[in-house]
Structure formats: C-alpha cells, structure tokens
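Asks: For reference, the structure I am asking about is given below.
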Amino acid sequence: MDHFRGLFDKLDKNKDGFISTEELQSEMRRIGVEPVCEKVQAIMSSYDQNEDGRLSYQEFLIYMMDKEKKWKIDFHALDRNKCGSIDLEDIMSLFKELGLVISKPNAKRIIQMMDEDNSMTVDWEEFLQHVIINPAENIGELVSSWKHNLVFDVGESRSMPVELTQQETDLSIWGNFILAAGLADAVSRTVTAPIDLLKTRLQVFGSKAVSLGFRELQTGGFRSLWQGNAVNVLKGTPQSTLQCFIYAQMRMYTLGERDSLSVHQRFGLGCVSGAVAHAAFYPLEVLKVRLNLQPAGTYNGVLGCARLIYQNESVSAFYRGFKPSILCMIPYAGVECAVHQVIQGTGGGSVSEQETNYFYFHAVSQKPTDALQGLFGIYEKYGVRGFYNGMGASFLRAVPCALLNYTLTSKFETLLSSLL
C-alpha cells in the first residue's frame, strides 16, 4: 500500500488530505491525457462517494485498487520476457501486433511517459501509476492515448502525426480529430469574422476603415459583417491539414532513428511545408479579400466572385500579390516550426494564414507591377505606419480565436467519439 499512499500524496499538491478535480486535471494534462475534464468527471462520479467534488484517501484507494485488478494481467502480457518490467522492445512488439508502425524514438518516448526512475524500463508500480492517471479501459484505448500524446505533444498546438500508416491515414488520425478541429476552426473563424473584416479594411483604407464600415453596415445590414467568411472557413482547415501532413511526412523521413530534429532542420521543413500549403490555397485568400472589400451584393457568393475574376481578368489574377505574401510566410512558418517543433494546426493564428493580403498591395498602389513598387506605394500614401495597419485588430482577433479552437476541438472530439 505504500506506493498507493505515495501517489496520493504526490497528487495532493496543497496537502489538505484530499485530491481535488483541479489537482487531478493538472497531473493528467502533464502527461498528455485527453479529454481531461471528461475523464476526471468520470472518476469523480464513480468514486466520490460523498459527492463533495474531491477524493479522500479511502475513496482514491478504492479507485486505485480497481485499476490494479483490471491491469495486472495486461501488464504481465506486455512483459514479453517475464523480467518484471516493460522495455522498448515490448512497446514496439505491442504496436506491431496491433498493425501499427512506431519508430524506436517514439517507443522511447512512451517508456519515458511512465518511467519514474530513468531506468528506461517500466515496472509494475510505474505502470499502475500511469494507468491510474491515464484512466484507459483497455490496451487499445491506452495505445490510442499514447498515440495522441505523440501526435499532440506540443502544449496547445495541434499537428498531424509523426508517422502515418495507411490504416491511420484512412481512419483514426484523419477521422474524429480532423472533423472536430474543422468544426472548431469554422466556429472560431465565424465568431471572429467581423474583427477579421475590420483588419483587412484597416490594411487597405487605414483610418477611413471605420467610417466605411459603418456606411457598409447601413447599406448591407448586420449580415455584411460576415462577408467573405464562407470562403475563409473553406480555406482554413484544408490548408492547415495539408501543411501539417507535408511537415509530418518530411519530418518522418528526415528524423530516421534520431530522437529529434535540429533547429535548422525544423526551420527548413516548416518553410517548405508552409510555402506549399500557402501556394495551394492562395486563390481562396484572394476571393476572401475581394468579398471583404467590395460592397455587399457586388458578387453573387464565392463562386460568383471567382467567375467574374476569371471572366474579367485572367487566371493569374488569383495569384496577384502572391510574391510578397509568400516572402512573408516562408520565414514565419520556419521560425514557428523551429520554436515549437511541430506545426501548429487549425488555430486562430495558424502558420499558413498570413497578414499580408493581396488587396493591401493592390488597392493602395493602383495595380503595382511588383512587390517593391507596392511597398513604395504604401509608404508614399501612409508612411511607415501604413505597414502596420490592422495589426491591432489582428491581435484582438487572435486571442478569442485561439481560445475557441483549443476549447471546442476537445469538446467536438468527445462528442464525435460518442456518436460515431
């Protein structure tokens, strides 16, 4: 019972003799358990006998003993060579039996999730402590949680997995999470669309943007605040997904048997993946900005806007302003990957969504022939401050957008898991 008491004392951060929901959530987040709130609530509803919102030692002891009974047999099954501990080869054998591919560095990371004494093996007490804090119901669910931790081990950032088997590509990774992240991304973009519209107009019209906005509101109504939002939603999630997929595949081939990539390698992979995804979806950014800046009713929706651009201009019009945009995006994506190790996925401030808009260079410079001419045009009209028009609105949008993405992705993922 000593190891039970030791775990209880470890979780009881404030030493009041109880484990609160906050203390349990904190430890779960530390080891990457998702979704935290739902799992803590499940434990509390089953073992908080007096319903005071916390677990006494006796209540927690019952929970730990239940876990001990459930997982003893599974631990011995995982211990292939019957040495009393799980090692790197045991983890790799387990994944192989389940039809999954895992590299040695990632198998090592799983061992390190549970290994308390840095022996690179996991004994029964360490394993039991892990499944107590990570309350999976069976081996399959436990492996899924390990995979989730490997995929999303970047704090609040989201990314595609480091390695994808065909089965994972078709089912698990590209299933509930992509759908949940897409829904969260759509909601966050829709809620913050008026701020994004203001940002774009500030970039183009400067101080006149507010008065023009009120005029547009009077003529187009409240709905005009969401002009261009549909194409923004259609653009955001696929672009982030493509970017993450490219980065993940390049990272897998570059990594090999090493534990991690160097800063320079992460920077390079981020630059390439960000540039490709940005180039693929740039025409949708042009459509979004056109819809944002024209009076309500000018275009008959997204397809109508695209049709008029094609008929009245040319295919190249969909990539007007691309050069300054890509020059801004490449170092932006590279630096973020170098700092965060993996690409941030569908979030309020994703790598691929740049603040350099097509119309910002086009409108103020009367169709400049190149980026340099556009920059001079901005400077002549607005001065140095012109290069920072809309930055305040951009920051104002980033905070609620990121919070909504982070909160809703987990909620939608849980909902979809229960429905599908």
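Asks: Of all accessible surface on segment 1-150 at a 1.4 Å probe, what whole percent is carbon and sulfur?
Replies: Exposed carbon and sulfur together represent 51 percent of the surface.
Asks: From the protein chains alone at 1.4 Å, what is the descending order of accessible area for E141, E336, largest first?
Replies: I get E141, E336, largest accessible area first.
Asks: Further question: How large is the accessible surface per residue of segment 74-127, computed with a 1.4 Å probe and reported in Å² as a whole number?
Replies: Counting only protein heavy atoms, the per-residue value for segment 74-127 is 49 Å².
Asks: Looking only at segment 268-299, which residues have a backbone nitrogen under 19 Å from a spot 7 Å from the Cα of Q218 in the C-beta direction?
Replies: So the set is 294-298.
Asks: Points 7 angstrom from Cα along the Cβ direction at A280 and T254: gap in nanometres?
Replies: 1.7 nm
Asks: Starting with the highest mean, order 119-128, 283-292 by the number of other Cβ atoms within 10 Å, averaged over the residues of each peptide.
Replies: By packing density, highest mean first, the sequence is 283-292, 119-128.
Asks: Starting from the Cα-Cα distance between D9 and E116, subtract it from 0.36 nm times their residue separation and give me the gain in nm to one decimal.
Replies: 37.0 nm
Asks: Can you tell me the dipole magnitude for segment 182-303 around its Cα centre, using point charges on the Cβ only (Lys, Arg +1; Asp, Glu -1), in Debye to the nearest 20?
Replies: That gives a dipole near 340 debye.
Asks: Right, another one. With each label point set 7 Å from Cα along the Cα-Cβ vector, what nm distance links C37 and N312?
Replies: For the pair C37/N312, the computed spacing is 4.6 nm.
Asks: Here's another thing I want to ask about it. Given Cα pairs under 8 Å that are at least 6 residues apart, what percent is the relative contact order of segment 1-150?
Replies: Averaging sequence separation for qualifying contacts and normalising by length gives 22 percent for segment 1-150.
Asks: Ok, one more. Amide H to amide H under 5 Å from S85: which residues, 5+ apart in sequence or cross-chain, H placed 1.01 Å off N in plane?
Replies: none
Asks: Which whole-angstrom value gives the distance between the alpha carbon centres of segment 71-124 and segment 267-303?
Replies: One Cα centre to the other: 46 Å.
Asks: Express in whole angstrom the spacing between the alpha-carbon centres of segment 11-56 and segment 380-418.
Replies: 31 Å
The values are calculated or read from the model by the stated rules, or taken from the named source; none is laboratory data. Everything numeric here is computed off the predicted structure, so don't read it as measured data. Please note: Cβ atoms are built from the backbone with ideal geometry, for glycine as well, and neighbour counts cover all protein chains shown. Remember, those area values only see protein heavy atoms, side chains included, never the ligands or the DNA or RNA. Shrake-Rupley method; radii C 1.70, N 1.55, O 1.52, S 1.80 Å.
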